[in-house]
Structure formats: C-alpha cells, structure tokens
1. If you check residue 209 against the conditions, is it more than 14 Å from ligand 1 (Cβ to nearest atom), at pLDDT 90 or above, out of contact with any strand residue (DSSP E or B) (no Cβ under 8 Å at 6 or more places or on another chain) and not in a strand (DSSP E or B)?
2. Take the residues in region 42-77 that are part of a helix (DSSP H, G or I), touching a helix residue (DSSP H, G or I) at 6+ places or on another chain (Cβ under 7 Å) and under 17 Å from residue 96 (Cα atoms); name whichever of them is nearest to ligand 2 (Cβ to nearest atom).
3. Taking strands (runs of 3 or more DSSP E) that do not extend beyond region 329-434, which have at least 3 residues that are touching a strand residue (DSSP E or B) at 6+ places or on another chain (Cβ under 7 Å) and closer than 21 Å to residue 493 by Cβ?
4. Determine if region 138-151 includes at least one residue that is within 8 Å of ligand 1 (Cβ to nearest atom), closer than 19 Å to residue 59 by Cβ, part of a loop (DSSP other than H, G, I, E, B) and in contact with a helix residue (DSSP H, G or I) (Cβ under 9 Å, 6 or more places away or on another chain).
5. Which one is nearest to ligand 2 (Cβ to nearest atom), of the residues in region 105-126 that are in a helix (DSSP H, G or I) and in contact with a strand residue (DSSP E or B) (Cβ under 7 Å, 6 or more places away or on another chain)?
6. Which one of 28, 35, 102, 39 is within 16 Å of ligand 2 (Cβ to nearest atom) and either in a loop (DSSP other than H, G, I, E, B) or closer than 21 Å to residue 244 by Cα (or both)?
7. Which condition number in (1) within 20 Å of the chain's Cα centre (by Cα); (2) more than 10 Å from ligand 1 (Cβ to nearest atom); (3) within 18 Å of residue 124 (Cα to Cα) is the one that residue 80 fails?
Ligand code: B12
Ligand code: SF4
C-alpha cells in the first residue's frame, strides 16, 4: 500500500510538474503603441517574465506591436480579440493576465484589452503596470471595474508575490518584499487592490540577473524605417534591442516623472556589469543583434560603474552599436567616460540640455549645468569622436519661458552647429513639481481631472490620428501645447516653435553630411 501510494504520488508529482512545464501561469500583454517606429522588444514585461520564470512560474508575452502592422490597422480590434481568445482557450488554467502601459497614450487600448479578457473569462485576474497606472492607480481602480489590481512601480517582485498568492510558492526564493507590498499580498489574491513595489529600496538589482529573451520574434521588431538608421559600422540590423544598465536617477528635474516607477533619487542602482555583458553577448551571438538602445534614464550618472561597464564591453569580443536614447547627463560626462562609451560602440547619443537659458536650466529645471560645460563636452565629442551622431534635447514652453529665454535656446542650438537639435514641448506629468506648479498657478490647458484616462499630450489621442507611418510626422510634431507660460501667449510660442523646427530641418542634411565625412575618414 505504502509502495503504491508512493508510486501514485510520484506519478502525480510528475504529472503536475509536466503540467507546470507545459502550461502557462500568466500572460503579459503589450498594447499596440501610437507610432510604429522605432519598434523594440518590451523590456519591462521581459524583465518581469525572466524574474518569474527563474522562480518557477511560466509565462508568455503577447506584444501587439508584432501582431498588428500598418497594413492591418483596419482589422486592429478583430486581431486583438482573436489572439486573446486563442491564448485564453489554450491556457484555461492561467489565472493572471498583466497589461503593460509604457506610454499614457496606450491606456485606452489597454482598457479594451482588459474588457475582452473579462468577456472571455471573468475569472482571470487582470493586472496593470507601468508608468501610467503607477501615477494614476487610485483613479483607475475607482473607475475601471475591468482592472482587478495595479502594481505601482517596478513589477518583478510584486508580480512573483501575486503568482505565489494564486498558485503557491514553487520551491524557489521569491525575492525581496517591501513593507507595503508584504501587507498587500497577505490578502485575498482576487481582491481589487493596489500593490506597491518596495518604496525605499526598489527592486534589488542583483536579483534581476540576465534578461531571458527566449521566444522573442526578433525579426518581428524590424522597424519600417530601419534601412535609414545611422549605421556607421554597416552592420546588419535585424532590430534594435533595449538594454538597461541602471535604474532610477540620482537627480530630480522638475518635469521628470521617472522616479514614480523606478524609485526616488536615493534608489539609483547600476546592474552588475557582468549581467549586462552577458545579456549583450546572448543577444549578439545567439540572436544576431548588433544594434542596442541603452534605455537608462541616466546611463552615465555614476562614473566608476559606467567606466567599468563600457570598458568591459570594449575589451570583450563584442562589436556592436549603442544608441543612448534618453539623453546623457552632461554634468557627469567627462573625456574618460565619453572615451569608454565610444570604445564600447556608442554611435548616437542625446545631450540633455533642456534650455539655453541659465536660469531656466538650473534654477527652474534643476540641471546644475553650466553653459561652459555644455560647450566643453560638445567640443570634446567633435575633436575625439566626430563619427558619433549627437542630438541635443531641449524643452520649450515651460511656465517661465519668455522670448529672451527662447533666444538663448535658439542661440545655443545654433552654436552647437554639428548637433541635431530636438525641441520637445513641455508636458507636465502628474506627480512632478511642474504639474503641481501648473495646477497651483492655473496654467493647464487641459482638464486636469481627465489626465488619468487619456494621454495629456494633445494630438496623441487614438481617435484623432490613425496609426500609420504616413501620419507619424503629423503626430510627432508638437502641434499643441498643454500649458501656457506666465509671460507668453500660445500664439507667440507657436511662432517661436515653428522657427526652431525650421532650424532643426535645415540642420539635418548638414549633420548627416559631416557624419559621412567622419565615417569615410
Ligand atoms: C525606451 C523608451 C522609449 C522607446 C520605446 C520603448 C518600447 N518598448 O517600445 C521609444 C524611443 C520608442 C520611446 C518613445 C516614446 N516615449 Co519613451 N521611454 C522609454 C524609456 C526611456 C525606457 C522604457 C523602459 O524600457 N524602461 C525599463 C523597464 C524595465 O521599465 P518599465 O518599462 O517601466 O517596466 C517596469 C515597471 O513599469 C513595471 N511594469 C511595466 N509593465 C508592467 C505590467 C505589469 C502587469 C506589471 C505588474 C508591472 C509592469 O515593471 C517593469 C519592471 O520593473 C522610458 C523612461 C523609463 N525609464 O521608463 C520612456 C517613457 C516611457 N517614454 C515616454 C514618452 C512620453 C515617449 C513618447 C510619447 C515621446 C514622444 N513625445 O515622442 C514616445 C512614444 C512612443 C510611441 N511610438 O508610441 C514617457 C512616458 C510618459 C507617459 N506618462 O506617457 C517615459 C516614461 C519617459 C518620461 N519620463 O517622460 N520611448
Ligand atoms: S537627469 Fe533625466 S532621468 Fe534624471 S531626473 Fe533629470 S530628466 Fe529625469
């Protein structure tokens, strides 16, 4: 009897582990974005899936950006429904479906996805995560019955705790638990609630390890305009892959909302260089990826860690191209850091200048960046690495903007003559000093109470502009303004903006011509 029961237990255990191996516990859905390019694999969901898989839970990512292409946009709703129906029917035991919201603009699409999931199987727990629900979790839970739970902040650890609530633990360490998170996960897994990532430490970056890209359809992320990308090494670009080397940022600019997701300035963390190197190697040697977007908020904020990492890449057998997407912090750049990044493969980078006006840049935004430092860094790039395509990120239309401050911005952009300037319109995000100021001083041109349900950048509304490459230019142009400065009218601002956009347009062929000369020697 004992023998039979042991045998039966073993069979049952094998069956259940086979079930666990075959069946998915969860799905992470990525809604279609607003613009088709640049298209890259979704790093947030990938990090969450890796972390959960390492702890014994199996899951998949369904990214609609690789399922709906421009020519299919008319069938968008049918395609989304069909994929969700198929997955839920194929995985009847899966109880958790998470939706990733990287940009506020996709929130309406995320709600529709949640509706469809609930319609197919009301017992599935629908969870939202990402910057938009992080900021607006209270309003979303109060107004959207199709959303069961919201994760505020970094999702790896909270997601695994939710999986453990639903399926039980699986004999693996499940990671660090924050104070608020622990009390939330002690309750009923079905309860509607908000789950907070650890508040003071955020995700333990050493526990993240190397992101697992298995099952990712890399050719599906081939951006439609990839042939026109700056590619001085002439490498084959299947697609760009995201790589993150640090989380959060030690600074606190008045317009920046990133601390809501990745933690306060004190939680700035670098990943271990060996993990990043290993991830790059896997992507390069196993998947043929040559082009990487470094998506850190402040990739060069810690000199020692940055030099360690980029020197390790340069000294390895990797030959890759790195584009620094979010803008490098100029105050923490020096020749040594620039050389290390260039040696590692940096071919394109943005310099985060924000304003040519010293008062706005330093007193208002909080950049602590002298103009001489901007020129010094610019000159060094021109002298030592002229093949690197430099962009300069400016923000126009902050509350303190005046004709004089815009003159300063325009003059600086003209002075940095081999840099491609990008002029973004100021957008106040909830939770930032800029937002509070706009509310207090009544500067908003939008309904502040609607910010939770739609993208506050005008012109990004899903119904206003169809999603096509043809319309990308229209959608990208900062056509409308979300706040009115104290001392300028919107009409005046628009005229000045048009002048800056003209400057940008005339700069492009110049910059490209110069890069060509630098690359050809
Ligand atoms: C890379 C990036 C891009 C890439 C695209 C990335 C992609 N996958 O497609 C590109 C260059 C295309 C891009 C474009 C834009 N971007 Co962008 N981008 C980023 C950036 C720098 C990094 C994103 C990232 O990978 N982070 C790293 C991962 C690990 O973090 P994460 O995605 O937040 O995920 C974590 C948590 O949020 C959470 N989580 C996320 N999803 C889920 C889901 C569940 C279920 C759970 C439990 C948890 C969870 O857990 C994850 C792991 O910890 C962020 C800034 C930032 N640091 O986040 C801005 C950011 C997302 N971008 C922003 C904006 C505004 C834009 C643009 C609209 C800019 C413009 N005016 O053109 C465009 C629009 C894009 C489009 N085509 O529609 C804003 C969004 C603000 C907002 N509220 O909407 C951000 C936050 C920057 C900022 N502070 O202003 N961007
Ligand atoms: S340096 Fe960049 S990431 Fe850091 S607070 Fe400023 S804008 Fe945000």
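1. Working: more than 14 Å from ligand 1 (Cβ to nearest atom): no; at pLDDT 90 or above: yes; out of contact with any strand residue (DSSP E or B) (no Cβ under 8 Å at 6 or more places or on another chain): yes; not in a strand (DSSP E or B): yes.
For residue 209, the condition - more than 14 Å from ligand 1 (Cβ to nearest atom), at pLDDT 90 or above, out of contact with any strand residue (DSSP E or B) (no Cβ under 8 Å at 6 or more places or on another chain) and not in a strand (DSSP E or B) - is not met.
2. Of region 42-77, the ones part of a helix (DSSP H, G or I) are 43-53, 64-66, 70-77.
Keeping just the survivors that are touching a helix residue (DSSP H, G or I) at 6+ places or on another chain (Cβ under 7 Å) gives 47-48, 51-52, 64, 66, 72.
The next check asks that each one be under 17 Å from residue 96 (Cα atoms); those that pass are 47-48, 51-52.
Details: 47: 18, 48: 22, 51: 23, 52: 27 Å.
Taking the candidates together, the pick is 47.
3. Strands (runs of 3 or more DSSP E) meeting the threshold: 389-396, 420-425.
4. No, because not a single residue in region 138-151 is within 8 Å of ligand 1 (Cβ to nearest atom), closer than 19 Å to residue 59 by Cβ, part of a loop (DSSP other than H, G, I, E, B) and in contact with a helix residue (DSSP H, G or I) (Cβ under 9 Å, 6 or more places away or on another chain).
5. Among those residues, the one meeting the criterion is 110.
6. Numbers: 28 fails: within 16 Å of ligand 2 (Cβ to nearest atom); 35 fails: within 16 Å of ligand 2 (Cβ to nearest atom); 39 fails: within 16 Å of ligand 2 (Cβ to nearest atom).
Answer to the selection: 102.
7. Of everything listed in (1) within 20 Å of the chain's Cα centre (by Cα); (2) more than 10 Å from ligand 1 (Cβ to nearest atom); (3) within 18 Å of residue 124 (Cα to Cα), residue 80 misses just condition (1).
Residue by residue, here is whether (1) part of a helix (DSSP H, G or I); (2) within 25 Å of residue 48 (Cβ to Cβ); (3) touching a helix residue (DSSP H, G or I) at 6+ places or on another chain (Cβ under 7 Å) holds:
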position	(1), (2), (3)
255	no, no, yes
261	yes, yes, yes
278	yes, yes, no
297	no, yes, yes
306	yes, no, yes
311	yes, no, yes
318	no, no, yes
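The values are calculated or read from the model by the stated rules, or taken from the named source; none is laboratory data. All values derive from a computational prediction rather than experimental measurement. FYI the Cβ positions are ideal-geometry reconstructions off the backbone, even for glycines, and counts take in every protein chain you see.
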